[in-house]
Each structure stands twice: as C-alpha cells, then as structure tokens.
Amino acid sequence: MRHAEEEGVEFHWQVTPVEVVGDGEGRMGGLTCVRTEQGLPDETGRRRPVAIPGSEHFVPCDQVIFSVGQRAGLAFIPESAGVGVTGQQTIAVNPNTLAATRAGVFAAGDATTGTSFVIEAVAAGHRAAESIDRYLRGEELEPQPK
C-alpha cells in the first residue's frame, strides 16, 4: 500500500459510493460518496457499515477500481462434473499445479482462495497457464524444482 501511495494512489476508507457522476461529455467525472461507520454486529457477528447522515461528498476522478469482498459463485458446477468444492465454497485444486479434482480442469484466483488481492489472482493465473501448457503437451503437471 505504501508504494501505491507513493505513486499517487488515493485510498478512501469507510466510504461507500452512492452514484457515479458523469462529466457531461460521456466520461466519468467522479463519485458521490457517503462516509460510513461500523454498525452493530448482525446474526453472523459481522459488523456492517452504516452511512453517517450528512456525510455525502463528491470525489472527483476519471477512473475507479472497485474492490468488493465477494466470493465466486460456483452454482454452475454440477456435482456430476467431478470438480471438487471445498467447505469454504472454493474449487479444490492442487496448490502446486492448480489442477482441480477432474483431469483437464484448472482453476485460479478467488474461485480457489476466496476473496484475495488482484495481484495474487494474476500470479495464480500465470501458474495455472503453465500447468495447462504442461497438461496439453502431455508432460508431468508438477513443475520441476528450480
């Protein structure tokens, strides 16, 4: 995070976007946001953010990257597919090769780890691609030690 800040990235903590506002010329002008505070714990013990009345404000920007903690929807995978799903509702994979429990199926990113950082998903995608290449060439999936 420190490096991002050094490069000019601004972080807005405990803020919820309310509206994406255009600049009148078909481009993004910014966000209308509201500040939040932690509410009381719900039935699961999680404290949900609650808007602070009167805290609405405008954040000018030309690009926004939303980062929302959600899990991958795996309902499309039928039990008969032979692709294992963990108790945490992620796809079960070999951590070295990212091969799923069904031959020829590979998975990476949030579908295998749960909510995580984008850079971790990108790195996992590269590792999965290497495994897929080995699989298609008929080679051993486990990479040779360096």
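Some observations on this one:
- Filter pass, Gln63 being in contact with a Lys or Arg (Cβ under 7 Å, 6 or more places away or on another chain) and either loosely packed, with under 13 Cβ neighbours inside 10 Å or within 27 Å of Arg134 (Cβ to Cβ) (or both): no
- Of the residues Gly54, Gly82, the single one that is free of Cβ contacts under 8 Å to residues at least 60 places away in the same chain and loosely packed, with under 11 Cβ neighbours inside 10 Å is Gly54.
- Only one of Ala108, Ala103 that is at pLDDT below 95, touching a Lys or Arg at 6+ places or on another chain (Cβ under 8 Å) and either under 22 Å from Leu141 (Cβ atoms) or open to solvent by 60 Å² or more (accessible area, probe 1.4 Å) (or both): Ala108
- Flag for Ala92 being among the small types (Gly, Ala, Ser), surrounded by 10 or more Cβ atoms within 10 Å (Cβ to Cβ) and under 30 Å from Glu139 (Cβ atoms): yes
Conditions (1) under 30 Å from Thr101 (Cβ atoms); (2) modelled with pLDDT under 90, marked per residue:
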{"residue": "Met1", "(1), (2)": "no, yes"}
{"residue": "Val18", "(1), (2)": "no, no"}
{"residue": "Thr32", "(1), (2)": "no, no"}
{"residue": "Arg35", "(1), (2)": "no, no"}
{"residue": "Ala51", "(1), (2)": "no, no"}
{"residue": "Pro78", "(1), (2)": "yes, yes"}
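- Against the conditions (1) surrounded by 11 or more Cβ atoms within 10 Å (Cβ to Cβ); (2) within 21 Å of the chain's Cα centre (by Cα); (3) free of Cβ contacts under 8 Å to residues at least 40 places away in the same chain, Val34 satisfies every one except (2).
- Restricting attention to segment 102-130 and to residues that are among the hydrophobic types (A, V, I, L, M, F, W, C) and under 10 Å from the mean Cα position of the chain (by Cα), the residue that is nearest to Arg71 (Cα to Cα) turns out to be Ala111.
The values are calculated or read from the model by the stated rules, or taken from the named source; none is laboratory data. Since the structure is predicted, the reported quantities are computational estimates derived from the model, not experimental observations. Using ideal geometry, Cβ is built from the backbone for each residue, glycine included, and neighbour counts are taken over all protein chains shown. In case anyone asks, the SASA skips ligands and DNA or RNA and just uses the protein heavy atoms, side chains included. Shrake-Rupley method; radii C 1.70, N 1.55, O 1.52, S 1.80 Å.
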